[in-house]
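Attaching a single structure in structure tokens format; questions to follow.
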Amino acid sequence: MPPMIDTPEALRSLIDRALQRDSVALDTEFVWDRTYYAKLGVVQVALSEEECFLVDAVALDLAPLGELLAAPGVVKILHDAPQDLTILRRATCAFPHNVFDTRIAAGLAGLSSTTSLGELVGTVIGVDLAKTESRTDWLRRPLTEQQVAYAIEDVCYLAAVRDVLLERSCALQRDGWLREELALLDDPGLYEEKDPRQQYLRVKGMGRASRRELAILRELAAWREEEAQRVDRPRNRVIPDDILLALARRQPQTPDDLRAYKGLGRRFYPNVLELVICGLAVSDADCPPRRQRRRRGDEERFEAQIDRAMSHMRTRSESLDIDPPFVASRAEVKTLVHAGPKAGPENHRLLRGWRREFVGCELLDILAAL
């Protein structure tokens with residue numbers, strides 16, 4: 001059984017060794033069902049296929065791990081990195097730098113960009129991972145032998161997978177595209193807390209709200225987000241989406257008005273009433289805009305334009321063996337079609353970097369001709 005790093009001295013020694021390597025593989029195991037923030041249980045660190053370690057995130061201050069995370073001279077290899085990096089950023093207070101994401105690399109190496117780690121390892125190096133502990137309690141100690149084996153498998157093959165993906169991307173002359181895509185993971189903005197005042201856009205059903213209702217919903221959702229962070233509970237366990245939307249629509253004015261909302265704690269009554277008043281006080285001009293709705297005929301033409309743009313993107317991608325979802329989602333294509341020929345790179349990923357060269361300019365030409 002590989003050693004569990006559970007003392008500050010052992011962690012310091014491991015980080016010092018890792019900082020001398022050209023690359024290390026990382027992964028995290030956590031529990032995330034009853035809290036706002038993930039509860040980190042284990043961080044896996046592989047210096048090589050034979051030297052793999054489990055860092056006890058329950059027992060240790062992980063700040064020293066931040067040195068490795070931020071070290072520009074050491075490549076950090078992860079699969080589907082953003083979530084792990086966000087969790088590690090919070091645990092270490094360090095922003096990641098020089099990351100290699102095997103999921104991203106797969107998308108440019110003629111493989112699926114939505115593949116799981118187990119599928120990718122099987123496809124690339126022919127090893128079958130035993131994915132048996134994905135819903136286990138990573139906070140309980142001691143870990144079982146099955147948990148340890150599962151955690152180690154998640155990192156021990158990543159360096160070998162990276163080597164194959166680099167070789168394939170170079171053979172396809174996409175190594176420049178890959179470097180460009182991976183460099184985006186150095187952006188600190190990816191790992192910062194999201195603006196609470198934008199959270200109303202995530203409330204289910206907000207698309208049917210009026211502008212005044214949206215103004216109230218914005219206040220309520222921002223407060224809920226901050227309260228969820230403060231008490232470390234999922235936002236919907238503070239106040240569910242459907243209650244937020246109902247409050248925005250009915251605009252209660254007194255505590256008696258709030259008693260009809262089951263699931264709304266009485267302790268929140270003063271906050272809710274104050275937030276409704278704040279939303280009502282927003283000027284008409286400063287109320288959030290509604291999502292534009294089209295008449296049936298216009299909507300049909302718009303969807304046909306999206307279908308045509310999607311078809312062109314898929315054909316172009318598949319002709320060069322690039323996974324189409326990696327190039328752009330339907331939502332991104334829809335946003336581009338909505339903006340039309342005047343769309344610019346600042347708001348559209350399809351018009352930046354390698355995507356613009358690959359298909360973005362062609363999509364603009366198609367939109368201009370429609």
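Would you mind stating whether A260 is of a type in the set (A, V, I, L, M), at pLDDT below 95 and at negative phi? Walk me through how you get there before you give the answer.
Values: of a type in the set (A, V, I, L, M): yes; at pLDDT below 95: yes; at negative phi: yes.
It is true that A260 is of a type in the set (A, V, I, L, M), at pLDDT below 95 and at negative phi.
What's the number of the only condition in (1) in contact (Cβ under 8 Å) with a residue 24 or more places away in the chain; (2) acidic (D, E); (3) farther than 16 Å from W138 by Cα that E51 fails to meet?
Exception for E51: condition (1).
For region 344-369, which positions are of a type in the set (A, V, I, L, M, F, W, C), surrounded by fewer than 20 Cβ atoms within 10 Å (Cβ to Cβ) and over 25 Å from the mean Cα position of the chain (by Cα)?
C361, I366, L367, A368, A369
Restrict the check to region 73-94 and report whether at least one residue is on the phi > 0 side of the Ramachandran plot and in contact with a Pro (Cβ under 8 Å, 6 or more places away or on another chain).
no
How many residues does region 11-47 contain that are under 20 Å from A81 (Cβ atoms) and in a loop (DSSP other than H, G, I, E, B)?
7
Looking only at region 54-72, filter to residues that are part of a helix (DSSP H, G or I) and either touching a strand residue (DSSP E or B) at 6+ places or on another chain (Cβ under 7 Å) or among the aliphatic types (A, V, I, L, M) (or both); which one of those is nearest to V42 (Cα to Cα)?
Applying the filter and picking the extreme gives L65.
Results for (1) within 18 Å of D186 (Cα to Cα); (2) polar (S, T, N, Q); (3) out of contact with any Asp or Glu (no Cβ under 8 Å at 6 or more places or on another chain); (4) surrounded by fewer than 19 Cβ atoms within 10 Å (Cβ to Cβ), shown as yes or no for each residue.
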{"residue": "M4", "(1), (2), (3), (4)": "no, no, no, yes"}
{"residue": "P8", "(1), (2), (3), (4)": "no, no, no, yes"}
{"residue": "E67", "(1), (2), (3), (4)": "yes, no, yes, yes"}
{"residue": "L78", "(1), (2), (3), (4)": "yes, no, no, no"}
{"residue": "Q83", "(1), (2), (3), (4)": "yes, yes, yes, yes"}
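Now, a different point. What are the residues in region 195-226 that are in contact (Cβ under 8 Å) with a residue 24 or more places away in the chain, part of a helix (DSSP H, G or I) and more than 23 Å from T35 (Cβ to Cβ), if any?
Those that are in contact (Cβ under 8 Å) with a residue 24 or more places away in the chain, part of a helix (DSSP H, G or I) and more than 23 Å from T35 (Cβ to Cβ): M206, G207, R211, R212, E213, L214, A215, I216, L217, R218, E219.
Could you pull out every one of the helices (runs of 4 or more DSSP H) wholly within region 100-171 that has 3 or more residues that are assigned by TED's automatic domain parsing to the domain that holds D56 and free of Cβ contacts under 8 Å to residues at least 40 places away in the same chain?
So the answer is 117-125, 145-156, 158-171.
Can you tell me which residues in region 314-356 are assigned to a helix (DSSP H, G or I) and hydrophobic (A, V, I, L, M, F, W, C)?
Initially, region 314-356 is screened for residues assigned to a helix (DSSP H, G or I), giving 314-319, 324-327, 330-342, 349-351, 353-356.
Those that are assigned to a helix (DSSP H, G or I) and hydrophobic (A, V, I, L, M, F, W, C): F326, V327, A331, V333, L336, V337, A339, L350, L351, W354.
Consider D298 carefully, then state whether it is assigned to a helix (DSSP H, G or I) and either in contact (Cβ under 8 Å) with a residue 60 or more places away in the chain or surrounded by 13 or more Cβ atoms within 10 Å (Cβ to Cβ) (or both).
Numbers: assigned to a helix (DSSP H, G or I): yes; either in contact (Cβ under 8 Å) with a residue 60 or more places away in the chain or surrounded by 13 or more Cβ atoms within 10 Å (Cβ to Cβ) (or both): no.
So D298 does not fit the description; no.
Does S13 qualify as being at pLDDT 95 or above, of a type in the set (S, T, N, Q) and crowded, with 18+ Cβ neighbours inside 10 Å?
Considered against the rule, which asks whether it is at pLDDT 95 or above, of a type in the set (S, T, N, Q) and crowded, with 18+ Cβ neighbours inside 10 Å, S13 comes out as no.
The values are calculated or read from the model by the stated rules, or taken from the named source; none is laboratory data. Keep in mind the model is a prediction, meaning the values are calculated, not measured. Cβ coordinates were reconstructed from backbone atoms using ideal geometry, including for glycine residues, and neighbour counts include every protein chain displayed.
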